[in-house]
1. Using a 7 Å offset from the Cα along the Cα-to-Cβ direction at both ARG16 and THR162, what is the distance between the two label points in nm, to one decimal?
2. Using Cα-Cα distances under 8 Å and only pairs 6 or more residues apart, what relative contact order does the range 140-236 have, in percent?
Amino acid sequence: MEQRNILSAGQGRLTREDLARRLAAAAPAGRRSAPVPPDAPPDAPPDGPPGAPRGDHDLNPDLYRPQDELIAAAVLVPVVARRGGLTLLFTRRTDHLDVHAGQISFPGGRLEPTDDGPVAAALRETEEEVGLPPRHVEVIGRLDTYVTRTGFEITPVMGIVTPPFPVAPDSFEVAEVFEVPLDFFLKPDNRRRDSRTYEGRVRHFYAFPYQDYYIWGATAGILVNLSEVLVPDSEG
């Protein structure tokens, strides 16, 4: 099992206090968004009929099916307060899994009957997947819920993690735990809008290629939401 800390020069513009302040000042979590035309630039705001929640359908309006019954899920967006600056902690799923094999994700999963809401679920799943106990996570808020084409409604829970902290990934689910400077996701040039043909149809999605990692799908969509919170339009 591999754990890598990937740090770079130029990070550290934001402090943990900045993060908490901007998250608190943002629109209430769960804000509704509208689909974005596939040919719009990567940093274009939603442009379409209101009423759809944030999700895969932002770039693929035909995927929005309000009548669908969604499965509640939650992920932790772990912000690591490193001395050199803030980073985000990710997992790379193992290649043998039946669903999302090899993909980059935040730790998390579906809500269980024993969970006392999304925060409890995100913390439980993080400990199960990564071995990071809840006592090391300071929850500071939530981002918008995110609906996937596979029928999950994900609540992203923001948390600050202060080193040192233990990491013991579940070897069945997690191939690697790694960090990327938070600042990387706040630069518009690092965000792409890519597409693939799936079941005979072209699907569009956000992506953040970083070194050997390709972060896309729901994880990238959540990162777009985070960048909107931390770099408001008024700040360029």
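Each value in this text was obtained by applying a stated rule to the coordinates, not by laboratory testing. Treat the numbers as computed from the prediction; the structure is a model and nothing was measured. Methodologically, a virtual Cβ is constructed for each residue, glycine included, from the backbone with ideal geometry; neighbour enumeration extends over all protein chains shown.
1. Each label point is offset 7 Å from its Cα along the Cβ direction, giving 0.4 nm.
2. 21 percent
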